[in-house]
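**Student:** Before I ask anything, let me first share the structure, which is written out below as structure tokens.
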Amino acid sequence: MRRSTSQAREMLKAAMRRLAAGDRSALEEVYRATSAKLFGICYRILGDEKEAEDALQDVYLTLWRRADRYDPQRASPISWLATFARNRAIDRLRAGKVRLAAVPEDQAAPVPDDRPLAEAMMIDSEREARIHTCLETLDETPREAIRTAFFEGRTYAELAERMDVPLGTMKSWIRRGLAKLKGCMEMGE
């Protein structure tokens, strides 16, 4: 079963609190949840897989020593760790420890990332989960009509014919279902 983004964020925050208290197993949990993203940041700046791995190791060593400095009121765990990763990679550039594939230091700060920000992906995932949760609150007939219309691209006429009801009835079912869906979504935001 896939966890919602908010659950994953809360689990990561809890792991960060446990890590700050000295729980070694929490470091493994944080690593599993964040290492791919942080490695990507290091690799884009350093341009070398081995150098990125070394920088990533520095990130987690620093995290082990400084986990108590994390403040969930100021940043999400992934944002805070992404800053660590970026700084470690730039530190390696400045120290001259990087081979020729790295970007110049002055270009490291604005390294573009075409992918959506982690926060935006979490919000989208939460919204998608909320839609499916809200759909389940509808009666079966309007729920199936809405799913078929929006996920399969069927028209009102096709749905009315498929369900053997007048076109006006189908439109009413979908209109009332969408109104309930909107209300449910607004309550969750």
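**Student:** When ranked by the protection proxy of mean other Cβ atoms within 10 Å per residue, highest first, what sequence do the peptides 128-138, 147-157 form? Before the final figure, lay out each step's value.
**Tutor:** Numbers: 128-138: 14.5, 147-157: 12.9.
Packing order, densest peptide first, comes out as 128-138, 147-157.
**Student:** Lys and Arg at +1, Asp and Glu at -1: add these up for the other residues within a Cβ distance under 12 Å of E53 and post the number. Before the final figure, lay out each step's value.
**Tutor:** Working: positive: K50, R88, R92; negative: D48, E49, E51, D54, D58.
Its environment carries a net charge of -2.
**Student:** If you don't mind, another one. Summing +1 for each Lys or Arg and -1 for each Asp or Glu, what net charge is found among the other residues whose Cβ lies under 13 Å from the Cβ of D139?
**Tutor:** +1
Where a number appears in this text, it was derived from the coordinates with a stated rule and is not lab data. Model, not experiment: these values are computed from the prediction. When we count neighbours, we look across all protein chains shown, and the Cβ atoms used for this are built from the backbone with ideal geometry, even at glycine.
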